[in-house]
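One structure is given here, and the rest of the page talks about it.
Readers should treat all values here as calculations from the given coordinates under stated rules, not as data from a laboratory. Every value quoted in this text rests on a predicted model; they were computed, and no experiment measured them. Cβ: placed from backbone, ideal geometry, glycine included. Neighbour counts: every protein chain shown.
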Amino acid sequence: MPVLDEFLAANERYVADFTKGDLPMPPGRHVAVLTCMDARIDPARALGLEEGDAHVVRNAGGRASDDAIRSLVISSRLLGTREFLVIHHTDCGMLTFTNDEIREQIRRDLGADASGVDFLPFFDIDATVVEDVAAIRTSPLLPRDIPVRGFVYDVRTGRLREVTEQTSRSSHTADRPVSGSRS
Ligand code: ZN
């Protein structure tokens, strides 16, 4: 596995310069970020984070799934984060399939029944940011006074654009995904 060898070599170089072995467990900047697993997003570099600064919760789409909420509960309740960011992004893979399509693929290739699994695909990035921000804000497991802000990261420019319920409703324009691509 050549990639593993590269990882281990990179880790040796990382260890050689490593000076952050004494950091406390709670994130120093008291923030948790929920974002997509997309390989083009490097939250540390894009947001200027160092080791020890923030929690970064990642999954396919950066969705506020039950498991993401679980992580945010632990992050805020036990480890002192006081602000959450939700970051989805342009050209997300989650825009390219439907639940039915992936369930059928799994059935065909693996013979398994995924009918009970919601893979949380979506059509509209801005609307989904708003939806996930709302899911976090209204979760009974999280305090209502934690600020939650939503953004779309543009994979072409590296820039974050804030999304609110207002902008989501009014700006259905330029950088929205091609919503017809999943038919
Ligand atoms: Zn994505």
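At a glance:
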item: Surface/4 estimate of mean projected area, convex hull on alpha-carbon atoms of the chain, nm²; result: 13.4 nm²
item: Computed E for Thr96/Arg156 - FRET, C-beta separation, R0 22 angstrom, nearest 0.05; result: 0.80
item: Kyte-Doolittle at least -0.5, axis length at least 15 Å by Cα - qualifying DSSP helices, the chain; result: 2-16, 66-79, 125-137
